[in-house]
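Chemist: My questions will all concern the structure given below.
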Amino acid sequence: MIHLNNAGSALPAPGVLEVVRSYLEEEARVGGYELADRSAPAIEQAYRDIAGLVGARPRNIAVVESATEGFARALDAFDFSPGDLVLTTRNDYVSNQLAFLSLARRRGVEVAHLAERPEGGADPDDLERRIRARRPVLVSATHVPTSSGLVQPVAEIGSVCRAHDVPYLVDACQSVGQMPVDVGSIGCDFLCATGRKFLRGPRGTGFLFVADRMLEGDRHPLLPDLRGATWTEAGAFELAPDARRFEYWERSYALLLGLGAAAAHASSTGLEEIARVARSHADRLREALAETDGVQVLDRGPELCAIVTARVGEWEAQALVEVLRERGVNTSAVSADSARLDFDARGVRSALRLSPHFTTTAEEVDRAIAILRDAVSTAA
């Protein structure tokens, strides 16, 4: 089996499965509350490992169930009112776009999308112009969209936001674990990520970074629970002093420790090296696909990563995914309803997505190319 679906759900990093399994087995023997208390040092180490992955401190990390949940809790820290402006990009993750559309429908928020540079990717100069014309309540960007290998200029966007003191939210779901990500360099106030993709952690895990200025500014979810706040008297509560105000009390500590193990493994391996190897595999895939009859590589932008998307003749991408899976190659499909602004403008109905990792070998890449070409030619 050749796994080229790391942008969907990667195979777990060494140690992750063992950590999760052993915790669950011990929990079954001694009890959930009791083991959580006993495991407090390991749990705090997991927070340190997750924080270190993005250049943060543990106090700025909330562990959640997914990047989307983290994104939603960050949005929940804003009291949106009718007429508020949110600026985002044309290549945001679909769930983020749906959240903005819902805010527009229910709260009267205005959502606008930044112009793109001719070579692809959001234009920070357009952001500068828009902020000067009308101050947004929030700027949001997806570091790497789910629908292509584009790497957005999140640090340039962050520089503009800092200059104008505008809150900035980054979705790093596809970039954390694939390449170096540093919240200080990006200049974001919130950053969310998942465990199951390139980070190679358990499904059902993610985290949210919350900058000090958001914590000190009393930002918090509308509906905290006893994890995020203390009921100090009958008519009052006090927020947790750190990002754990964005967490809920109930969680799987087994999965949290698995996420910490994945973060530690990625850091010890080296994100620069991970990015170098994974991108070299993606470059090889793009080159081979571009040389294959009937295949159009869709990735564009000044910087591309280890996600490769292509339109393959008249194939519906999901049908091709199933054919490749039967032949031992895991890929995934991206449909137009996941990338309306990008795909609709280019007349794309669906795309095949291949996402190698640093664990992928060059021989696997070449075999996958041969299998794909054979599948396409046979069907034709």
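The values are calculated or read from the model by the stated rules, or taken from the named source; none is laboratory data. These numbers were taken from a predicted model, which means no experiment stands behind them. Note that we place each Cβ from the backbone using ideal geometry, even for glycine, and neighbour counts take in every protein chain shown.
Yes/no matrix, rows are residues, columns are (1) surrounded by fewer than 16 Cβ atoms within 10 Å (Cβ to Cβ); (2) more than 25 Å from the chain's Cα centre (by Cα); (3) in a strand (DSSP E or B); (4) assigned by TED's automatic domain parsing to the domain that holds residue 177:
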{"position": "318", "(1), (2), (3), (4)": "yes, no, no, no"}
{"position": "323", "(1), (2), (3), (4)": "no, yes, no, no"}
{"position": "348", "(1), (2), (3), (4)": "no, no, no, no"}
{"position": "351", "(1), (2), (3), (4)": "no, no, yes, no"}
{"position": "354", "(1), (2), (3), (4)": "no, no, yes, no"}
{"position": "359", "(1), (2), (3), (4)": "no, no, no, no"}
{"position": "373", "(1), (2), (3), (4)": "no, yes, no, no"}
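Chemist: Moving on to the next point. Can you find, within the stretch 159-194, the residue that is nearest to the chain's Cα centre (by Cα) among those that are on the phi > 0 side of the Ramachandran plot and of a type outside the set (Asp, Glu)?
Modeler: The initial filter retains those residues of the stretch 159-194 that are on the phi > 0 side of the Ramachandran plot, namely 165, 177, 187.
Filter once more, so that each one left must be of a type outside the set (Asp, Glu): 177, 187.
Working: 177: 10, 187: 17 Å.
Restricting to residues being on the phi > 0 side of the Ramachandran plot and of a type outside the set (Asp, Glu), the top hit is 177.
Chemist: With respect to the numbered conditions (1) buried (at least 20 other Cβ atoms within 10 Å of the Cβ); (2) under 21 Å from the mean Cα position of the chain (by Cα), which one is the sole condition not fulfilled by residue 219?
Modeler: Residue 219 satisfies every listed condition except (2).
Chemist: I've got another one for you. Any idea how many residues of the stretch 174-191 are more than 18 Å from residue 276 (Cβ to Cβ) and either at pLDDT below 95 or touching a Cys at 6+ places or on another chain (Cβ under 7 Å) (or both)?
Modeler: To start, the set of residues in the stretch 174-191 that are more than 18 Å from residue 276 (Cβ to Cβ) comprises 183-191.
Remaining after also requiring either at pLDDT below 95 or touching a Cys at 6+ places or on another chain (Cβ under 7 Å) (or both): 187.
Of the residues in that region, 1 qualify.
Chemist: Consider residue 47 carefully, then state whether it is part of a helix (DSSP H, G or I), within 21 Å of the chain's Cα centre (by Cα) and outside the structural domain of residue 357 (by TED's automatic domain parsing).
Modeler: yes
Chemist: Sticking with this one: Output yes when any residue across the stretch 241-252 is aliphatic (A, V, I, L, M), more than 30 Å from residue 305 (Cβ to Cβ) and in a helix (DSSP H, G or I), and no when none is.
Modeler: To start, the set of residues in the stretch 241-252 that are aliphatic (A, V, I, L, M) comprises 243.
Going one step further and asking which of them are more than 30 Å from residue 305 (Cβ to Cβ), we end up with none.
No - not one qualifying residue is present in the stretch 241-252.
Chemist: So, in the stretch 201-216, exactly how many residues are buried (at least 24 other Cβ atoms within 10 Å of the Cβ) and either without any contact (Cβ under 8 Å) to a residue 60 or more places away in the chain or among the charged types (D, E, K, R) (or both)?
Modeler: Total satisfying the criteria: 0.
Chemist: Which residues, counting only those in the stretch 97-141, are assigned to a loop (DSSP other than H, G, I, E, B), acidic (Asp, Glu) and either surrounded by 15 or more Cβ atoms within 10 Å (Cβ to Cβ) or under 21 Å from the mean Cα position of the chain (by Cα) (or both)?
Modeler: Within the stretch 97-141, the first condition is being assigned to a loop (DSSP other than H, G, I, E, B), and the residues that meet it are 108-109, 114-115, 117-121, 123, 134-137.
Still in the running and acidic (Asp, Glu): 119, 123.
Once the filter is applied, which keeps residues that are assigned to a loop (DSSP other than H, G, I, E, B), acidic (Asp, Glu) and either surrounded by 15 or more Cβ atoms within 10 Å (Cβ to Cβ) or under 21 Å from the mean Cα position of the chain (by Cα) (or both), the stretch 97-141 yields only 123.
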